[in-house]
Amino acid sequence: MFAVGLVAGGVLSATVLWLLSGLAAPLPEVARYAVVFALAALAVPRDLGLLRLPLPQNARQIPQAVLQAGTLTGAGRFGLELGTGVRTYVSASAPYVLAAALLVASPGVLTTLITGVGFGIGRAATPVARALSTDDDAWDALLRRRTRPLITGAAVTVAALLAALLL
Amino acid sequence: MRSRATDPLAPLLVLAVLGVATVLAGLDVLTWTVLGGLAGYSLSGSV
């Protein structure tokens with residue numbers, strides 16, 4: 001149920017982004033894409049810790065009470081809230097760049113929703129990789145050491161893929 | 001081998017390779033899906 005909630009949350013946020021994307025439609029394509037690539041260019045130094053650029057986030061953890069609503073219901077709701085990407089901390093820049101790209105590039109409703117599915121699957125990859133490891137505590141410690149290269153690598157890859165798609 | 005496969009950077013590398021492959025194959029929808037996966041995975045450790 002947790003993974004289903006993650007994917008549903010991603011699709012929910014993608015739906016909102018698709019609905020809002022119409023607001024950017026009147027702007028010239030050059031201006032819209034310039035916003036995306038400006039944000040992508042700032043994302044890498046931000047994730048490297050070289051640039052302080054506060055971005056909007058819900059700076060709190062999802063309340064533990066959500067998980068206490070029953071095993072299946074709690075896990076599903078926790079996944080849903082986590083999957084939206086707006087109910088807890090956003091510790092990397094890549095989600096902002098992707099959200100901006102979906103808003104201004106507006107690749108179509110189906111593509112936007114599938115991107116939301118991808119977001120949920122990406123979020124689910126963390127507990128899967130952790131479960132596949134032999135030592136949860138060691139994996140958590142390794143993740144803490146790998147956080148900087150992970151979020152920076154994601155920002156660089158997102159920027160490169162968006163350049164390939166939009167330019 | 002198993003520790004490398006479950007390294008926290010492994011899913012990022014897999015997604016990056018998939019992204020390049022979908023771009024080269026002209027599969028734009030799948031590229032967007034990979035972008036979603038990258039954005040989601042970049043939030044590892046953020047709950």
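Computed from the coordinates by the stated procedures, all read-outs in this text should not be read as laboratory data. Owing to the predicted nature of the structure, the values given are computational and were not obtained by experimental measurement. All Cβ positions, glycine included, derive from the backbone under ideal geometry; neighbour counts span all protein chains shown.
Quick notes
- Taking the centroid of alpha carbons for each part, chain B and the range A:14-81 are 18 Å apart.
- Helix-only arithmetic for chain A: the sum of -39500 (n - 2.57) across DSSP H runs with n ≥ 4, divided by the residue total, places the mean residue ellipticity at 222 nm at -24500 deg cm²/dmol.
- Of A:13, A:133, A:93, the residue with the greatest mean-square motion in the GNM of chain A, using alpha carbon springs below 10 Å, is A:133.
- Descending semi-axes in whole angstrom, ellipsoid equivalent of chain A, from the Cα gyration tensor: 28, 21, 14
- Peptide packing: for A:76-87, A:29-40, A:156-167, the average count of neighbouring Cβ atoms within 10 Å per residue gives the ranking A:76-87, A:156-167, A:29-40, highest mean first.
- Modelled spin-label separation between residue A:164 and residue B:21, with each label point placed 7 Å from Cα along the Cα-to-Cβ direction: 1.2 nm.
- Contact order, relative form, for the range A:1-122: 54 percent (alpha carbon pairs under 8 Å, 6 or more residues apart, mean separation divided by residue count).
- Neighbouring Cβ atoms from other chains, within 10 Å of the Cβ of residues in A:156-162, number 6 on average.
- Inter-probe distance in nm under a simple model that places probes 7 Å from Cα toward Cβ, at residue A:136 and residue A:60: 2.6 nm
- Residue-count net charge about residue A:80 - beta-carbon cut-off 13 Å; Lys, Arg +1, Asp, Glu -1: +2
- When B:12, A:20 are arranged by Cβ crowding within 10 Å, least crowded first, meaning fewest neighbours, the order is A:20, B:12.
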